[in-house]
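Structure record follows, encoded as C-alpha cells.
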Amino acid sequence: MRIVLAGTGSAVGKTTVSTGIMKALSEEQRVQPFKVGPDYIDPTYHTLATGNISRNLDSFFMSYPQIREAFERALKISNSNMGIIEGVRGLYEGISPIEDVGNTASIAKALNSPVILILNSRSLVKSAAAVVIGFKTLDPSIKIEGVILNLVKNRKHYLKTKEAVEKLANTQVIGGIPRDESISVEQRHLGLVPAVEHDSILRNIEDWGQVMGENIDLDALMAIMKAAGKLPDGREPLFHKKNKKKLKIGIAKDEVFSFYYQDNLESFEANNADLVYFSPLHDDAVPDVDGIYIGGGYPEIFAKELSANQSMRTSMKKYHENNQPIYAECGGLMYLTRSINHQEMCNIFPYQSHMTKKPQALSYVVAKAIQDNIIIPGGEMFHGHEFHYSKLELEGQKPKFAFDILRGRGVTDSMDGLMSKNTLASYVHTHVAACPTFATQIIKSALGDF
C-alpha cells in the first residue's frame, strides 16, 4: 500500500496534513513515512508521528530503480506494508520547467503510486475543479485519485467545493480541513523548526492527527492505497558494501546538528561500522571512534553555547591534528571554522563564518572531485544540494578545495570541499545514493588505507 500526498504548490499545508494523516493512521497501522526532495526537517515530524524513521526519495539523487529499492528497503526495516509519501512544493515542480527530475511526480511514476492532491481552497469553489482538471490533464500518467481541500471556510463552503470537484473534475474529495491557526507550525529561515528542538511539537502532531481523523475519510484513503498494486520491476543498490573490518564512526547529533539522511547512516552500518552518537553541545570531548561525521543544522542559533564548550572544541581540533578523518556538511563546516558570528569555534579551518540576511545558496548541486578525498575518489562526480544563509570569509591562508561545482555555488568561485589533513568540510549535502562511495571511502580513511 502506498500513496503520494502532493500539493498544488508550496505553502498549501502539505506537512501539517501529511503528518496528521500519518499520526491518525498510526493509531492502528504501522506507517512508514517518506519525504520527497532534499529535506531534513519535515521527516522529523513524520518520525514523531509514526514512530518510524522517515526516509527521503529524490529523483535528482536516485534512479527510478534506486527509488524503488529505497522505498521497499524502508518498508522492510520498519516491518510495514504502508508507505505514505509527502511531496515537495507543487506536484510538478522540479529543476526543469518541462521535465520531471527532482519533482514529486517523478516519485509517483517510479513507484506507480496513486496521488492525493492537497489544494488551498480559500476563496475557491468552481475554480477548485479547474485546478484539479489542470493537474490531471498536464500528465495523464499521474494517477490523481483524490483531493483534500485545505483551509475551507465552513461546512457549506466545503460541500459546494466538493460537489464542483467531484462533478466537474471527476475526482473524489476525501476531506476538507477547516481554517484553524492552532494547527499552524513555527517557521525559520531554512523551513520549519526541527522537531528535536521543541517538546511541544509532539502535542501539535497529536492535535493534527485528531483534526485529520475528524475531517478526512481515512477509509477512502486506505482504499486508494490498497488499489495501488505491485511496485514496478527494477532495483538498484543505494550504496557500496565493501568493508568487513569492525570500526566505530562518531555521529554528532543533538539540537544543533540533526540534518542526516537515514540511508547515509545505515550505509556505515552496512559496512560493519558501529555508530557512536555524541553531542558537540553537551559532551566534553569526542568519543573514542575511528572517524567523525558532522551533519548540518543550526549552529548559528547555538553559537554561544558551542563556543562556551571549549573542551569539545579543543578535543575536535586535536582529533583533526592526529590526522583522523572528519567529514562535515554545511552547519558542520561552520563549526569547524574559526568562528560563527564572532563566536569562537574549532578553528580547523582559519576562516570566519557569519550569517547573512538572504540565502547564499539554494540549489541542487553537481560536483566533480578534483582530487582524492574522504568521500569520493578524484575525477568522479556526484550530486548533492546546498541551502544556507551563511558565508565564509576566506582571508589569510589559501584554501585547499576538493570539489569543482558544476551546478550550484559552493564556498566560493564554484569551488567547495575544504581540505586540511584528513578533514573534509563542504556546503554540499549529499545522499549516499548519489555518492555510493560515501561510507566506504570514509571507512577506508578511518582504517588508514586512504
Exercise. How many of the residues making up the stretch 267-283 are surrounded by fewer than 23 Cβ atoms within 10 Å (Cβ to Cβ), assigned to a helix (DSSP H, G or I) and touching a residue at least 12 places away in the same chain (Cβ under 8 Å)?
Worked result: 1
Exercise. Mind checking which residues of the stretch 284-312 are part of a loop (DSSP other than H, G, I, E, B) and of a type in the set (Val, Ile, Thr)?
Worked result: Val286, Val289, Ile301
Exercise. Under 19 Å from Gly297 (Cα atoms) and surrounded by fewer than 21 Cβ atoms within 10 Å (Cβ to Cβ) - does that describe any residue in the stretch 324-340?
Worked result: yes
Problem set entry | Failed item, numbered, when Thr423 is tested on (1) under 22 Å from Glu300 (Cα atoms); (2) crowded, with 21+ Cβ neighbours inside 10 Å; (3) touching a Ser or Thr at 6+ places or on another chain (Cβ under 8 Å) | (3)
Exercise. Out of all the residues in the stretch 424-433, is one or more on the phi < 0 side of the Ramachandran plot, in contact with a Lys or Arg (Cβ under 7 Å, 6 or more places away or on another chain) and of a type outside the set (Asp, Glu)?
Worked result: no
Problem set entry | Hits in the stretch 106-160 - residues which are surrounded by 15 or more Cβ atoms within 10 Å (Cβ to Cβ), of a type in the set (Ser, Thr, Tyr) and not in a loop (DSSP other than H, G, I, E, B) | Ser106, Tyr158
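One line per residue, one yes/no per condition, for (1) in contact with a strand residue (DSSP E or B) (Cβ under 9 Å, 6 or more places away or on another chain); (2) in a loop (DSSP other than H, G, I, E, B); (3) on the phi < 0 side of the Ramachandran plot; (4) not assigned by TED's automatic domain parsing to the domain that holds Pro325:
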site: Asn347; (1), (2), (3), (4): yes, yes, no, no
site: Lys358; (1), (2), (3), (4): no, yes, yes, no
site: Leu362; (1), (2), (3), (4): yes, no, yes, no
site: Asp372; (1), (2), (3), (4): yes, yes, yes, no
site: Ile376; (1), (2), (3), (4): yes, yes, yes, no
site: Glu386; (1), (2), (3), (4): yes, no, yes, no
site: Ala402; (1), (2), (3), (4): yes, no, yes, no
site: Leu406; (1), (2), (3), (4): yes, no, yes, no
site: Gly410; (1), (2), (3), (4): yes, yes, no, no
Exercise. Just wondering, is there one or more residues in the stretch 233-242 that are in contact with a Cys (Cβ under 9 Å, 6 or more places away or on another chain) and touching a residue at least 12 places away in the same chain (Cβ under 8 Å)?
Worked result: yes
Seminar exercise, completed: When every residue in the stretch 296-348 that is hydrophobic (A, V, I, L, M, F, W, C) and in contact with a Cys (Cβ under 7 Å, 6 or more places away or on another chain) is compared, the one nearest to Ile375 (Cα to Cα) is Leu336
Problem set entry | Among (1) surrounded by 21 or more Cβ atoms within 10 Å (Cβ to Cβ); (2) not in a loop (DSSP other than H, G, I, E, B) - the single one Gly102 does not satisfy | (2)
Problem set entry | Answer from Asp233, Asp219, Asp263 - the residue that is in a helix (DSSP H, G or I), surrounded by fewer than 20 Cβ atoms within 10 Å (Cβ to Cβ) and charged (D, E, K, R) | Asp219
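The values are calculated or read from the model by the stated rules, or taken from the named source; none is laboratory data. Note that the structure is predicted; figures quoted are calculated from it, not measured. Counting neighbours? That spans all protein chains shown, and the Cβs are built from the backbone with ideal geometry, glycine included.
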